[in-house]
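Below is one structure; the comments refer to it alone.
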Amino acid sequence: MRLAGKVAVVTGAAGAIGSAIVRRFVREGAFVALLDNTRQGLAHVVDALSNRSQVDDRMLPLYCNVENPVEVDAAFSAIDDRWNQVDIAVANAGIAVSRPFLDMDLELWDRILAINLTGVMLVCQRAAQRMVPRGSGVLITMSSTNGMVAERDLAAYNASKAGVLLLTKTMAIELAPFGIRANSLNPGMIDTGLAQRSGMDPSTLRDYKNKIPMQRFGSPDEVAAVTAFLASDDAAFVTGTGIVIDGGQLAEE
Ligand SMILES: NC(=O)c1ccc[n+]([C@@H]2O[C@H](COP(=O)([O-])OP(=O)(O)OC[C@H]3O[C@@H](n4cnc5c(N)ncnc54)[C@H](O)[C@@H]3O)[C@@H](O)[C@H]2O)c1
């Protein structure tokens, strides 16, 4: 149990990758605050875990839109009330919407940047403010291979994920003196339905698989395993970087 007694905040906790991270963290002994903007989704994740073992008191589901500073503050107040410490924050909530650049409207652009980039900043800042007095902590942000190479029709998503990468490096250098590490996850295609929901058609998805040397998509559990590594002391000297989890895709291009 690499995270025994640690308090972790996971955003997008009701989603495919977020819920896998919650499962993994609970298994590693952490107390976990689950933040998401779907109450039903949160209840589903907590119920599924609570049925299997007696872990309900180790989870705190909190409704929260990560792009809204008032809601983020309210969630962190609830965490303060319950545990009065934050050791790990995983800023994972994000959306992807496929739209050709020439058709991009400001409303969509703003929404994607607000959730995927501003939301990450808000959550990491609130978490870091609680870590500084304790002199330790770990921030993990959800970027993407799309934060490193561009994919067509995803201008706002690509820009948001590139922003997350540089935000994370900046947090790493500013927060290192306080004993806080900050790293990104850069998954390639993970089998979660996000790509289908973003509007990618089935033939594009098939072509995509062929571009991956391992010839398959990753699983949420495989992302969660890397997240647990970064959150643990096994990664004690790892900060300011991104870990690519893509079956070799970027290596070949
Ligand atoms: N699936 C992939 O292939 C892939 C690849 C690279 C990166 N990612 C990133 O991983 C993260 C999780 O993706 P996923 O595939 O699990 O998607 P998902 O849609 O299953 O999960 C995303 C979760 O974020 C929540 N969310 C959305 N807007 C929110 C908001 N405003 N406030 C709080 N919560 C909000 C959703 O309710 C959902 O539960 C995203 O940031 C995504 O960009 C995914």
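Only the coordinates and a few stated rules stand behind these numbers; no lab work does. Computed from a predicted structure; not experimentally measured. So basically every Cβ, Gly included, is an ideal-geometry build from the backbone, and we count neighbours across all protein chains shown.
Set the Förster distance to 30 Å, then compute FRET efficiency between residue 58 and residue 166 from the Cβ-Cβ distance, nearest 0.05.
On the way: r = 34 Å, r/R0 = 1.13.
E between residue 58 and residue 166, to the nearest 0.05, is 0.35.
Report, by chain and number, residues whose modeled amide H sits under 5 Å from the one on residue 189, excluding near sequence neighbours (fewer than 5 apart, same chain).
Counting only residues 5 or more places away or on other chains, the set is 218.
Taking the mean number of other Cβ atoms within 10 Å as a proxy for protection, how do you rank 238-244, 13-19, 213-219, 103-109 from highest to lowest? It would help to have the intermediate numbers written out before the result.
Values: 238-244: 18.1, 13-19: 25.4, 213-219: 14.3, 103-109: 11.0.
Sorting 238-244, 13-19, 213-219, 103-109 by mean packing, highest first, produces 13-19, 238-244, 213-219, 103-109.
Cβ under 9 Å from residue 76's Cβ, residue 76 left aside: what net charge do those residues give with Lys, Arg +1 and Asp, Glu -1? It would help to have the intermediate numbers written out before the result.
On the way: positive: 126, 130; negative: 73, 80.
Every neighbour counted, the sum reads 0.
Treat the count of other C-beta atoms within 10 Å as a stand-in for reagent exposure and order 136, 144 from fewest to most.
Working: 136 12, 144 31.
By the 10 Å Cβ count, ascending, the order reads 136, 144.
Do any trypsin sites (Lys or Arg not before Pro) in the stretch 117-172 lie in a DSSP loop with no more than 12 other beta carbon atoms within 10 Å, and if so, which? Show your work: numbers first, answer last.
Values: sites: 126, 130, 134, 152, 161, 169; in loops: 152.
Loop-located and lightly packed - 152.
If you find the alpha carbon centre of the stretch 1-67 and of the stretch 94-139, how far apart are they in angstrom?
19
For the chain, take N as its residue count and report Rg(C-alpha) divided by 2.2 N^0.38 Å. Provide the component values of the computation, followed by the final result.
Numbers: Rg = 17.3 Å, N = 253, 2.2 N^0.38 = 18.0 Å.
In units of the globular-protein estimate, the chain measures up at 0.96.
Taking 0.36 nm per residue of separation and subtracting the Cα-Cα distance, what length does fully extending residue 251 through residue 132 add?
Numbers: separation 119, 0.36 × 119 = 42.84 nm, distance 3.67 nm.
Length difference between fully extended and current span is 39.2 nm.
Run the numbers for residue 4 and residue 83: contour at 0.36 nm per residue of separation, minus the present Cα-Cα distance, in nm. All intermediate terms of the calculation are to be shown ahead of the outcome.
Details: separation 79, 0.36 × 79 = 28.44 nm, distance 1.40 nm.
The residue 4-residue 83 span can extend by a further 27.0 nm.
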